[in-house]
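Single-structure report; data block below.
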């Protein structure tokens with residue numbers, strides 16, 4: 001809709017309805033299924049095609065790895081208008097308390113750290129060529145970031161049931177000892193041993209390094 005112009009020769013002001021949805025999650029891999037569900041709910045009424053929604057999901061996944069840290073919280077915020085979808089992923093070293101819906105201001109407090117953002121538009125509103133993820137200061141014509149390797153969905157048919165099982169298989173496939181894997185992953189041998197034994201699972205930031213070393217990420 002357009003409001004009446006104010007002043008001679010002024011252009012009408014277009015008011016576009018925007019739905020803002022935001023949720024805070026603990027910054028650990030076990031939050032990923034809940035984040036996936038939140039993303040699916042947010043995109044249920046989006047103007048994007050199925051391919052566009054898939055791109056948003058992949059971008060949120062990349063942003064989670066980029067925002068990964070040993071502790072704290074991750075906030076995922078959607079702004080959905082009739083023409084496009086914007087997503088922000090922000091991390092705080094401390095807990096981000098969920099407040100009222102965002103009004104366009106940054107949802108993070110002083111400890112918040114912005115992760116990658118994406119803006120996608122439906123095909124009929126997009127310029128020629130595929131829509132590209134765009135950060136706050138990026139060039140709309142920039143080449144999209146490379147898509148990460150397909151995640152391994154733990155517990156699904158044909159996939160390892162647990163991270164410990166996946167880790168054991170990955171070490172055998174790569175011909176790595178626990179000591180060699182620990183060096184490449186930047187963790188202690190005890191940490192790798194506990195992963196393989198099922199005593200613990202990696203933190204969010206470990207998943208990013210695992211992807212760099214093994215070319216895939218095991219997700220719950």
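The values are calculated or read from the model by the stated rules, or taken from the named source; none is laboratory data. Everything numeric in this text was worked out from a predicted model, so none of it was measured. So basically every Cβ, Gly included, is an ideal-geometry build from the backbone, and we count neighbours across all protein chains shown.
See the values below:
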| read-out | value |
| --- | --- |
| Residue 184, sole failed condition from (1) more than 29 Å from residue 24 (Cα to Cα); (2) in contact with a helix residue (DSSP H, G or I) (Cβ under 6 Å, 6 or more places away or on another chain); (3) modelled with pLDDT under 50 | (3) |
| Identity of the residue in segment 187-204, touching a residue at least 40 places away in the same chain (Cβ under 8 Å) and either in contact with a helix residue (DSSP H, G or I) (Cβ under 6 Å, 6 or more places away or on another chain) or in a helix (DSSP H, G or I) (or both), that ends up surrounded by the most Cβ atoms within 10 Å (Cβ to Cβ) | 204 |
| Pair list, Cβ < 6 Å and 6+ apart or interchain, from segment 10-32 residues that are more than 23 Å from residue 45 (Cβ to Cβ) to residues that are loosely packed, with under 11 Cβ neighbours inside 10 Å | 12/2; 13/3 |
